[in-house]
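Student: Below you'll find the structure I mean.
Quick note: the coordinates plus some simple rules give every number you see, no bench work behind them. The model shown is predicted, which means the values in this text are computed figures rather than measured ones. Quick reminder, even Gly has a Cβ in these numbers, built from the backbone with ideal geometry, and neighbours come from all protein chains shown.
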Amino acid sequence: MFAFFVVSYYDYYVGANSEIFAENSGFIPNWVWLLCAICTFMGHTLDGTDGKQARRIGASGPTGELFDHGLDSWSTVPSTLTIFSIFGQGEFSVSPIRLLLVLISVQAVFIVSHWEKYNTGILFLPWNYDLSQYGLALFYLFTFFKGTEYLQFYVFSGFTIALCFEFTFYVCCYVSFMVSARNIYLSYFVNRTGKQDNFYEICLPLYPCLILFSISVLWALYSPGKIAERDPRLYLYTMGTVFSNIACRLIIAQMCSTRAETFNLCLAIYSVIAITSLSGFLSIYQELIFLRIAVTIITFVHLHFGICVIRQLCEHFKINAFSLQYIQQSKTKRE
């Protein structure tokens, strides 16, 4: 997240590395890409070791799982936006609408894995996620040494580096969905261990995401003020925060073996603003103002939800967040 904020400071409109946007977007110093490489590698390493460390000392539980996967769902936005800041928005990059589609593909990979666990009780995490994180760290490091201009060329006729990245995201999304669908099929029709009763309940966690993705694409395509192009970072962050709230509620449902929620307050707020804009009730200026108001409310609702859930979990398990003192106390009692 630190690297994301630094890149946002230097390139808020995701266009600093494009000739047509450079004057308005500023300049990204080369050391920023080294920082991105370090943060990506350290973030992935810590993300992979925290669970192992928790199991080793006996501190693993629902609180840590919600923290871990909940923050992962929110990090889909900074990871996607940061990598495409290398390419900007010009000839050798992708448009904000296609960047939205890339973000949706990343979010789809995340939600499909938890959809699988909701149905099978097993969270299957493929190795392609680890490989992608190491690949991104190396790519940032390569950009630091060679510069962003080195990446502005056609790999072959009509295909830029950015387009190859975009295509790779789509392939990973497709493969992830097919693997999860196969595992769900085996769970219900071969092993007979599926947790839901009918097809509607099987697909229930996907409905809020499908609504979110559909509304986001329609809003980006038919926005009167071209909201995704005017402020791509804010637009994608808002959409990503709504997605994170949906994902967190699904994570809680699968941990508690309860029914996934179909109504989501953040999604409702987001949908009302989008539909109002698409209906022509907002001017170009008002559309951007309402988006800024919406992102403030949605972020507050999401943080309030997360804090309240963590506090309730800590109260239920009689522990304190960010403290391992209870482990020592339990050992003392046993002795």
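Student: So which trypsin sites (Lys or Arg not before Pro) in the range 53-101 pass both tests, a DSSP loop state and at most 15 other Cβ atoms within 10 Å of the Cβ? Can you show the working numbers first?
Tutor: Working: sites: R55, R56, R98; in loops: none.
Counting only loop positions with at most 15 other Cβ atoms within 10 Å, none of the trypsin sites (Lys or Arg not before Pro) in the range 53-101 qualifies.
Student: Sticking with this one: May I have the count of lysine pairs in the chain with C-alpha atoms under 24 Å apart, counting pairs 8 or more residues apart or located on different chains?
Tutor: Values: K52/K117; K52/K318; K52/K331; K117/K195; K318/K331; K318/K333.
So the count works out to 6.
Student: Would you calculate a helix-derived [θ] at 222 nm for the chain, using -39,500 (n - 2.57) for each DSSP H run of n ≥ 4 and dividing by the full residue count, to the nearest 500? All intermediate terms of the calculation are to be shown ahead of the outcome.
Tutor: Working: 15 runs with 240 residues, N = 335.
The helix contribution divided over the chain gives -24000 deg cm²/dmol.
Student: Right, something else. Give the Rg/Rh ratio for the range 204-317, taking Rg as the radius of gyration of the Cα atoms and Rh as the Kirkwood radius, to two decimals. Present the calculation step by step, with values, prior to reporting the outcome.
Tutor: Working: Rg = 15.3 Å, Rh = 14.9 Å.
Dividing the radius of gyration by the Kirkwood radius yields 1.03.
Student: Another one. Fewest to most neighbouring Cβ within 10 Å: what's the order for H316, H302?
Tutor: Working: H316 10, H302 20.
The order, fewest Cβ neighbours first, is H316, H302.
Student: Mind sorting D47, D231 by how few other Cβ atoms lie within 10 Å of their own Cβ, fewest first? If you can, show how the numbers build up before the last one.
Tutor: Numbers: D47 17, D231 22.
Neighbour counts put them in this order, fewest first: D47, D231.
Student: Something else now. Show me 254-266, 288-300 ranked by packing, highest mean number of other Cβ atoms within 10 Å first. Numbers along the way, then the final one.
Tutor: Values: 254-266: 14.9, 288-300: 16.5.
Highest mean packing first, the order is 288-300, 254-266.
Student: Counting other Cβ atoms within 10 Å of each Cβ, which chymotrypsin sites (Phe, Trp or Tyr not before Pro) in the range 180-260 have at most 16 and sit in a DSSP loop? Display every interim value, and only then the final one.
Tutor: Details: sites: Y185, Y188, F189, F199, Y200, F213, W219, Y222, Y235, Y237, F243; in loops: none.
When the chymotrypsin sites (Phe, Trp or Tyr not before Pro) of the range 180-260 are filtered for loop state and at most 16 Cβ neighbours within 10 Å, nothing remains.
Student: Evaluate the charge dipole of the chain about its Cα centre and quote only its size in Debye, nearest 20, assuming +1 on the Cβ of each Lys and Arg and -1 on the Cβ of each Asp and Glu.
Tutor: Numbers: 20 positive and 21 negative charges, 222 e Å.
Around 1060 debye, computed over the chain.
Student: Amide H of T160: which non-local residues (sequence gap of 5 or more, or other chain) have their own amide H closer than 5 Å, using H built in the peptide plane?
Tutor: Here V155 satisfy the definition.
Student: Same structure, new question: Treating the Cα atoms of the range 146-282 as identical point scatterers in vacuum, please give the log10 of the normalised Debye intensity I(q)/I(0) at q = 0.17, 0.18 Å⁻¹, two decimals.
Tutor: Reported log10 I(q)/I(0), two decimals: -1.08, -1.13.
Student: Taking the Cβ of each residue in L206, L221 as the centre, tally the other Cβ atoms inside 10 Å and list the residues starting with the fewest. Show your work: numbers first, answer last.
Tutor: On the way: L206 18, L221 12.
So the ranking, lowest neighbour count to highest, is L221, L206.
Student: Which one, P96, V6, I269, is farthest towards the positive end of the dipole of the chain when Lys and Arg carry +1 and Asp and Glu -1 on their Cβ?
Tutor: With unit charges placed on the Cβ atoms, the residue in question is I269.
Student: While we're on this one: Over all directions, how big on average is the projection of the convex hull of the alpha-carbon atoms in the range 1-321, in square nanometres? Kindly include the intermediate steps, with their values, before the conclusion.
Tutor: On the way: hull surface 71.3 nm².
For the Cα atoms of the range 1-321, the hull's average projected area reads 17.8 nm².
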